[in-house]
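To start, the structure itself, in C-alpha cells.
The values are calculated or read from the model by the stated rules, or taken from the named source; none is laboratory data. Keep in mind that this is a model prediction, so the values were computed, not measured. With ideal geometry, Cβ positions are generated from the backbone for all residues, glycine too; neighbour counts draw on all protein chains shown. What goes into the accessible areas is simple: the full protein's heavy atoms, side chains included, and nothing from ligands, DNA or RNA. Shrake-Rupley method; radii C 1.70, N 1.55, O 1.52, S 1.80 Å.
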Amino acid sequence: MIGSALYFFQEKLLFFPSTLKKNYQYQFQYEFEELFLKTDKNAIINALHFKVESPKGVILYFHGNAGDLSRWGTVAEYFVAQDYDVLIMDYRTYGKSIGKLSEDAIYNDAQYCYDYLLKQYSKDEITVYGRSLGTGIASYVASKNNPKQLILETPYFSILDVAKDRFPILPVKQLLKYQFPTYQFLPKATCPITIIHGTADAVVPYASGEKLLELNIENLNFITVEDAGHNNLIEFEAYHSIINTILK
C-alpha cells in the first residue's frame, strides 16, 4: 500500500510548487525583465532575467523544489549584487509556468533557457548554477553544453539515492518515475565544477553529495561546509568565500 502511494503520489513528494496569478507583479531590488518562454506547443515557462549595467557574466539558475519565482527571485539577487546578470525560470506548474510536468520536459525547458542566453552571451560568460532539486537539472545542462562553469549547491548523487535513504524498506528503484541522475551527467561536463554541501543537511544527505567525489572527476572541486544545513549555507562564511572566489 505504501509503495503504491509512493508511485502515484511521488510528484507530490518531490515537487512543492506554489502558483501565482498571471497578473502578479514581481517586486525586487534590482531591475529585471519578466519572460514568458514558449518551450513547446503546450508549455509556457515564466522566467526572470535580471540585468546589471556592466555584468561580469550571466548565471543560469535552477532553483529548489518548493515555492516560485516570487521567492527564488530574491535568492537570485544575491548574485545580481555581485554584478552578474541572472536568468531563473519556474518549472512547469510552478508560479505562472504551465505545461505537463515530467523529467524530460524539465530538461527541455532548461536547455531552451540556455539557448536563449546564447543569443545574448558567449558560452564563456555563462555560469550554470543548481540548488537542491535544480542541481540535477544544472548538471544535465552542463553535460550537453560547454558553459564557463557549473556550481552545485546541496546536490544529490541521484533522486533514487535520496529516496533510498528516505524510504529504506521500499523498492524505490522500481517505483520512481523521476531519476535526475547527477552521477551520469557530471562526467560528461567539461567545464570546472564546484560542489558546496553542508554536513548537517537533513534534506539531501551530505553522504549523497559526497558520493559524487567517487566519480573521480578531475575538474571537480568539492567544498564541505561544517555544520551547515540544507537551507542555511548562506549563513556561513565558507559559502561566501567560495562564491566570491569563483565569481570574482
Item to check | Scope the range 117-132; condition buried (at least 17 other Cβ atoms within 10 Å of the Cβ) and within 21 Å of L152 (Cα to Cα); matching residues | outcome: L117, E125, I126, T127, V128, Y129, G130, R131, S132
Item to check | Complete set of residues in the range 184-198 that are open to solvent by less than 10 Å² (accessible area, probe 1.4 Å) and more than 21 Å from T224 (Cβ to Cβ) | outcome: C191
Checklist entry - In the range 134-169, which residues are modelled with pLDDT of 95 or more, within 18 Å of V204 (Cα to Cα), among the hydrophobic types (A, V, I, L, M, F, W, C) and open to solvent by less than 20 Å² (accessible area, probe 1.4 Å)? => result I137, A138, I151, L152
